[in-house]
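Undergrad: Here's a structure for you.
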Amino acid sequence: MIIDRTIHPIEERSYAILRSRVDLSPMPPLWRAVAERVIHASADVEYAVDLVTDEAHLERGLRALRAGAPIVTDVAMVAAGITARETVCSVADPAAARMARAAGITRSAAAIRLSYAEVGRGAIWVVGCAPTALEEIIARDVEPALVIGLPVGFVGAAESKEALRGSGLPAVSNVSEKGGSAVAAAALNALLYHQGPEIEREEGNA
């Protein structure tokens, strides 16, 4: 399903400004859409060279979204940034706290286990806060349609994203320690809001 949305004039102006400061036109269309929305959300043009993904991974994620794949987030702040679709977030579930204590893992990692038990394979996973959530996704082999791994922080964030890139999973990540809930949600929203013809041609040829 393609989401029909009205673009606010402030958003239009923001995109005009960012395009005056950084030229992303050589990028493949979905990669450009993700990069521009992340820059729009963060006002940080360095994401133009910091984000790492593959157009084929984004196409796979977009197809999954349009087929109704579940969206799982690591924290409520990421979920709050995704308004066009329902999401699954188990971090506030009391069972996550109990599992974390019993297994000696973080609550974020326990929440990933709970969410996987609910959604199974083929989901879209969006991590903007907890490196341990991203590590659990990699270790648990959840067979995702796409992992958006953009946790932020000085402890474990860059390392978890490097591990994601090394895992071979279809993914969006970034190299530096920066990231966060807003940019992770923005990367997902870029796919949800995409209306270009590229993926429709691919789907028509499938």
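Coordinate-derived values only; no laboratory data. All values reported here derive from a predicted model rather than from experimental measurement. FYI the Cβ positions are ideal-geometry reconstructions off the backbone, even for glycines, and counts take in every protein chain you see.
Undergrad: Arrange the peptides 173-183, 115-125 so that the one whose residues have, on average, the most other Cβ atoms within 10 Å appears first.
TA: Packing order, densest peptide first, comes out as 173-183, 115-125.
Undergrad: Then there is this: Starting from the Cα-Cα distance between Met77 and Arg140, subtract it from 0.36 nm times their residue separation and give me the gain in nm to one decimal.
TA: Once the chain is fully extended between Met77 and Arg140, it gains 20.4 nm.
Undergrad: I would also like to ask the following. Of (i) -1.07, -1.39, -1.55; (ii) -0.93, -1.23, -1.39; (iii) -0.88, -1.13, -1.26, which one was derived for log10 I(q)/I(0) by the Debye sum over Cα atoms at q = 0.15, 0.17, 0.18 Å⁻¹ from the structure shown?
TA: (iii)
Undergrad: Run the simple label-point estimate for Glu46 and Ser167 please: 7 Å along Cα→C-beta, distance reported in nm.
TA: Once both label points are built, they end up 2.5 nm from each other.
Undergrad: What order do you get for 7-13, 87-93 when each peptide is scored by the mean count of other beta carbon atoms within 10 Å, highest first?
TA: Descending mean neighbour count gives 87-93, 7-13.
Undergrad: Got the relative contact order for the chain handy, in percent, Cα pairs under 8 Å and 6 or more residues apart?
TA: 26
Undergrad: Suppose each label sits 7 Å from its Cα in the direction of the beta carbon; what would the Glu55-Ser14 distance come out to in nanometres?
TA: The modelled label-to-label distance comes out at 2.6 nm.
Undergrad: Now a separate question. Just to confirm a number: summing +1 for Lys and Arg and -1 for Asp and Glu over residues other than Ser160 whose beta-carbon lies under 13 angstrom from that of Ser160, what do you get?
TA: Every neighbour counted, the sum reads -4.
Undergrad: For the chain, give the magnitude of the charge dipole about the Cα centre (Cβ charges: +1 Lys/Arg, -1 Asp/Glu; no others), in debye to the nearest 20.
TA: Taking the Cα centre of the chain as origin, the dipole is about 400 debye.
Undergrad: Taking R0 as 45 Å, what's the FRET efficiency between Val175 and Glu86 from their Cβ-Cβ distance, rounded to 0.05?
TA: That gives a FRET efficiency of 0.90.
Undergrad: If you don't mind, another one. Just tell me, in residue order, which DSSP H segments of the chain are both 24 angstrom or longer along the helix axis (alpha-carbon based) and at least 1.0 in mean Kyte-Doolittle hydropathy.
TA: Flagged H segments: there are none.
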